[in-house]
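Inspection log for the structure reproduced underneath, given as structure tokens.
Any read-out appearing in this document is the output of simple, stated calculations on the displayed coordinates, not a laboratory observation. The structure displayed is predicted, hence computed values, not measured ones. Don't worry about glycine lacking a Cβ; one is built from the backbone with ideal geometry, like all the others, and counts go over all protein chains shown.
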Amino acid sequence: MLMKESYAVWRETMVVKPMYTENGELWSVVHELYKKLIVKMSPREIMNRSCIHAGASYQGMIDAAKLILPGKKMLPVCLSPGYRICMVPTLSPDSEECMWVSYHHVKRVFEKKNRTIIECRNKEEIEIQGSVESFLTKTGHAQQLVLTYLDRQEEMWDLSSHVAESYEGYDVY
């Protein structure tokens, strides 16, 4: 497996899992669509870096999600609605055992021998903590968050709803 010093979530990131080194350091195993990496950062550090890379702090991303999904817990973090990059925590994000899963790469979720398994787009099966129902609820929240952001972006580009008069006869660039 390839080792990296740092990492930011991108389109091919499927799962970010915690991993303890022999020295007890908390690092991550990142499952991408076509490869796995060991990253010398905790999953939470990767999420923090990914949020900054996407243009806001982790807390800013959570605060925005709270406005769209009021009263919900363990909120997803939407890094890029256009690319459907929205990461779902499997446990409380404050837990060192929390994994982050890209909802867009989840093909199906099922139970096998009393364990919850996600099947990713590349057919890889990864065990996660929590029930099938709980995880499906979280992925539903992620989808709702992404679609809300996409709807809002579309509204911003809809010129006709923001122009006081017809723009016929004007050059629009």
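Listed values, structure above:
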read-out: Nonlocal amide H pairs with K4, under 5 Å, H built at 1.01 Å; value: I38, V39, K40
read-out: In nm, spacing of pseudo-spin labels at S6 and I126 (7 Å Cα→C-beta vector); value: 2.2
read-out: 5 angstrom amide H check on E124, placed H, neighbours 5+ away; value: none
read-out: Net charge over other residues, Cβ less than 9 angstrom from the Cβ of I126 (K, R count +1; D, E count -1); value: -3
read-out: Ratio of the Cα radius of gyration of the chain to 2.2 N^0.38 Å, where N counts its residues; value: 1.19
read-out: Sorted largest first, extent of segment 49-114 alpha carbons per principal axis (Å); value: 40, 25, 23
read-out: Whole-Hz ³J(HN,Hα) from phi, Karplus 6.51 cos²θ - 1.76 cosθ + 1.60, for segment 13-29, glycine and proline x; value: 6, 9, 9, 10, 10, x, 8, 9, 7, 4, 8, x, 7, 8, 10, 9, 10
read-out: Net charge, F110 excluded, C-beta distance under 12 Å - Lys, Arg +1, Asp, Glu -1; value: 0
read-out: Helix-only CD estimate at 222 nm, as mean residue ellipticity for the chain, using -39500 (n - 2.57) per DSSP H run (n ≥ 4); value: -9500 deg cm²/dmol
read-out: Backbone HN-Hα couplings from phi across segment 127-137 [Karplus 6.51/-1.76/1.60, Hz, Gly and Pro as x]; value: 7, 10, 8, x, 8, 4, 4, 4, 5, 4, 4
read-out: Distance in nm between pseudo-label sites at Q59 and M156 (7 Å out along the Cβ direction from Cα); value: 2.4
read-out: Whole-Hz couplings from phi, Karplus 6.51/-1.76/1.60, listed for segment 93-104; x for Gly and Pro; value: x, 7, 7, 5, 8, 5, 9, 10, 10, 7, 4, 5
read-out: Distant-in-sequence amide H partners of C86 (H built 1.01 Å from N, under 5 Å); value: L79, Y103, H104
read-out: Distance from segment 100-150 to segment 1-50 (C-alpha centre basis), Å; value: 18
read-out: Crossing angle, helix 58-68 versus the chain [Cα axis fit, 0-90 degrees, rounded to tens]; value: 60
read-out: Gain on full stretching of the segment that runs from F110 to V29 - 0.36 nm per residue minus C-alpha separation; value: 27.0 nm
read-out: Mean separation of Cα contacts under 8 Å, 6 or more apart, over the residue count of the chain: relative contact order %; value: 17
read-out: Angle between the chain longest axis and helix 43-54 axis [Cα atoms, degrees, rounded to 10]; value: 20
